[in-house]
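All of the numbers you see were taken from the coordinates with simple rules; none came from a lab. Model, not experiment: these values are computed from the prediction. A quick note on method: Cβ atoms are made from the backbone with ideal geometry, for glycine too, and the neighbour counts reach across all protein chains shown.
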């Protein structure tokens, strides 16, 4: 069980850094995005994927992309905060290494409650698969990835079949799931979570990705800092243990002395860091892609 010290998402996702700057999240992320890689990335913003709910996503593609793997990234923020453009650095970092990236918005509390944002996430994944080729991506190699609360969203898509089934997909059609300091087993609820998920048996059960691990998930990469005081490492450790017990595939990477924000900030463009978030993510994607291509040519 996880104690009340756990606080998901660091309001604004990178709250410590923002407060240190004495400014708002928009200012902080604008400063991060001034750092540049040398390779060219093609960006398109505000692509509507759900007109009924006014939801859009941003796309990042390597220049000359053709058949590249695809990542749909879900940001954190306690299911109540966050904007897709704050995470431009995530899209650019991955796209500069040969990955087509889509970063969608989703509806948040208090405007909606669970599972509304899960249906938004599933719609975004279906849109990404259907339109991947137009951005140079391979629709057969779509990964879901998320940080903190976004990691819970990505994990539920990969483990609870109901959400992708509703848009005509199966979790096994995903190439993989990448969780970055994700919330997979986070009871008891704290703060607004009883209102977000419903403080009854169904809400407590359905909100926990670990409850849906049955060995039929896509491969999972679970990245976690050992000094995370927002989402304790026990989340990732329990998720990996459960997957292995069910004959699933889960790779757990624990980063010593790394906290909740720094594990994601390691993706920032041009940032010198010993935290291997980017390297481990790329290695996982490349390993899955290589295995899939080897199987297809047999």
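Quick notes
- Relative contact order, percent, the stretch 15-296 [alpha-carbon distance under 8 Å, six or more residues apart]: 17 percent
- Convex hull volume per residue in cubic angstrom - Cα atoms of the stretch 112-227: 111 Å³
- DSSP bridge pairs, the stretch 15-296: antiparallel proportion in percent, nearest 5: 30 percent
- Longest to shortest principal axis, alpha-carbon extents of the stretch 77-166, angstrom: 36, 29, 19
- Approximate spin-label separation residue 292-residue 116, in nm, with each point projected 7 Å along Cα-to-Cβ: 3.3 nm
- In this simple spin-label approximation, residue 187 and residue 167 carry label points 7 Å from Cα along the Cα→Cβ vector, and these lie 2.8 nm apart.
- Linear extension gain, residue 48 paired with residue 216, 0.36 nm per residue minus alpha-carbon span: 57.3 nm
- Ordering 260, 46, 119 by the number of other Cβ atoms within 10 Å of each residue's own Cβ, fewest first, gives 46, 119, 260.
- Shape of the stretch 15-296, Cα gyration tensor, a/c cut at 1.5: rounded
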